[in-house]
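These notes are about the structure you will find just below.
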Amino acid sequence: MSKQPRKQRKALYTAPLHERRNHMSANLSKDLKDKVGKKSLPLRVGDKVKVVRGDFKEHEGNVVELSYTSYKVNVEGVTLNKPDGNAVFLPVDPSNLMIIDADMDDDRRIKNVKGDN
């Protein structure tokens with residue numbers, strides 16, 4: 001793999017969906033790290049996250065939407081008010097999030113975390 005910034009950017013822009021999912025990972029809280037045995041997990045709709053950087057620092061909410069094309073996440077409650085009064089989501093970079101409570105309802109996700117696949 002090249003270390004040239006130009007090729008690093010191109011790899012992100014042209015990455016297939018199964019690779020983009022891994023780029024959309026966030027660190028786990030200390031409790032989850034001990035419980036799961038991993039440092040980070042790919043984000044998923046329904047995960048409870050905490051914003052660790054930016055204007056909405058310390059804000060907690062559920063993941064509402066993931067955009068794999070722009071590598072951004074919409075979090076419940078992280079909104080901006082437009083001049084006409086409408087509230088719109090402010091997209092957050094996954095590196096600025098920390099997973100507090102992972103949604104472990106899916107059997108496949110549990111197998112992926114444990115490494116049983």
remark   = Partner lysines whose C-alpha sits under 18 Å from that of LYS10, ignoring same-chain residues fewer than 8 away, are LYS72
ask   = Using +1 on the beta carbon of Lys and Arg, -1 on that of Asp and Glu, and nothing else charged, what's the dipole of the range 35-117 about the Cα centre, debye to 20?
value = 420
Two-decimal log10 I(q)/I(0) for the chain, as the Debye equation yields it once each C-alpha is a single scatterer, q = 0.11, 0.13 Å⁻¹ = -0.42, -0.57
ask   = What residues qualify as long-range amide H neighbours of LYS72, i.e. H under 5 Å apart, gap of 5 or more or another chain, H built at 1.01 Å from N?
value = SER67
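Counting only heavy atoms of protein chains, what accessible area per residue, in Å², does the chain have with a probe of 1.4 Å?
Details: 8170 Å² over 117 residues.
On a per-residue basis, 70 Å².
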query = Of LYS30/LYS50; LYS7/LYS39; LYS35/LYS111, which ones are farther than 18 Å apart at the Cα?
reply = LYS7/LYS39
request  = Just grab the label-to-label distance for ASP84 and ASN112, each label 7 Å out from Cα along the Cβ direction, in nm (one decimal).
outcome  = 3.7
note = Phi-derived 3J(HN,Hα) across the range 36-52 with the Karplus relation (6.51, -1.76, 1.60, θ = phi - 60°), rounded Hz, x for Gly and Pro, is 8, x, 10, 8, 8, 9, x, 5, 8, 4, x, 5, 8, 10, 10, 7, 9
remark   = Hits in the range 6-49: amide N under 18 Å from the 7 Å Cα→Cβ extension of MET104, namely 26-49
Gap separating the Cα centres of the range 79-106 and the range 1-74, nearest whole Å = 12
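Lys and Arg at +1, Asp and Glu at -1: add these up for the other residues within a Cβ distance under 13 Å of PHE89 and post the number. The partial results should precede the final answer.
On the way: positive: LYS72, LYS82; negative: GLU65, GLU76.
With Lys, Arg at +1 and Asp, Glu at -1, the net is 0.
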ask   = Roughly to the nearest percent, how much of the accessible area of the chain is carbon and sulfur, given a 1.4 Å probe?
value = 48
task = Rounded to whole Hz and in sequence order, give me ³J(HN,Hα) for the range 68-73 from the Karplus expression 6.51 cos²θ - 1.76 cosθ + 1.60, θ = phi - 60°, writing x for Gly and Pro.
result = 6, 6, 9, 6, 10, 10
remark   = Under 5 Å from the placed amide H of LEU41, counting only residues 5+ away or on other chains, we find ALA26, LEU28
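The values are calculated or read from the model by the stated rules, or taken from the named source; none is laboratory data. Remember, predicted model here, so these are calculated numbers, not experimental data. As a convention, Cβ positions derive from the backbone with ideal geometry for all residues, glycine included, and neighbour counts pool all protein chains shown. For the accessible areas, the whole protein counts, side chains as well, though only heavy atoms, and no ligand, DNA or RNA atoms are used. Shrake-Rupley method; radii C 1.70, N 1.55, O 1.52, S 1.80 Å.
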